[in-house]
Amino acid sequence: MPEFYPSIGEAVGAALQHNIRLAHGNETPGLDKPLQIRHLPHPSSDPYSVPGMIARLTETATPNEVAEIIEEVNGALVGALPQLTELVAAAADWTRVRLTFDDPNHNPTFETWTRLAAAHGMLLDVQEQLEIAEDRIAACPAELTDPRHHEMVNVLRTRELLSDVLGADPVTPAPPNADGTAEANRQRAARTSSPKAATQRTTSPASSADTPPSTPPPRAPRTR
């Protein structure tokens, strides 16, 4: 199951399909292969993963917390962005050793390398921009400002984490014939893995006043 869905509608559709297969004991009529499910750990279980950092970067985070998250994602040794940059560079280098220039009017491999090289350059520029932003985050106010100012700038985030939509708790199907009816199995599966049930199981860090936020492990020293 992918980490992201492009829309809540598709995520809900996937959940409904999952419920149907659970109700049929993972043997849906007309499908040869059973549903392949990959359990996704909740972002709080790995605060240094990209989903974990996104979950920590809430509107109520302090400037120091945000600066630390930017430093973690942009760290030279284990940062997600430098690793992504190296991945794109490796893809470009893979294309490079397959280049031919025998026909200057038709060279799709070179066009592919050009796009990968351009993406690599953009990622390097993103790293530089994040370094500058990290140094300037301390000047941002710690408290939320008047909402009328927020309307002047568009929201950039366009996708929700899958755990925000459906929850990340593993779904355990009921034993076959536990109560003798397939309808009861279907209802149990729907209650267990529905988006509404997942929302009730998951409490947002920004909305929980009684539960203290989890403290991530000590960070390794940054190397640039």
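None of the figures in this text is laboratory data; all of them are computed from the coordinates on show. All values reported here derive from a predicted model rather than from experimental measurement. Heads up, the Cβs are rebuilt from the backbone with ideal geometry, glycines too, and the neighbour counts pull from every protein chain shown.
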Packing-based order for 42-51, 135-144, 57-66, using average beta carbon neighbours within 10 Å, highest first: 42-51, 57-66, 135-144
Additional length obtainable on full extension of the chain from ALA119 to ALA80, 0.36 nm per residue less Cα span: 12.5 nm
Which of THR112, VAL88, LEU123, positive extreme of dipole for the range 86-161 (C-beta unit charges): THR112
Global form of the range 67-163, assessed from the alpha-carbon gyration tensor, a/c cut-off 1.5: prolate
VAL126 versus HIS106: modelled label distance in nm, points set 7 Å from Cα along the beta carbon direction: 3.5 nm
Nitroxide proxy distance, nm - points 7 Å out along Cα→Cβ at SER49 and VAL97: 3.2 nm
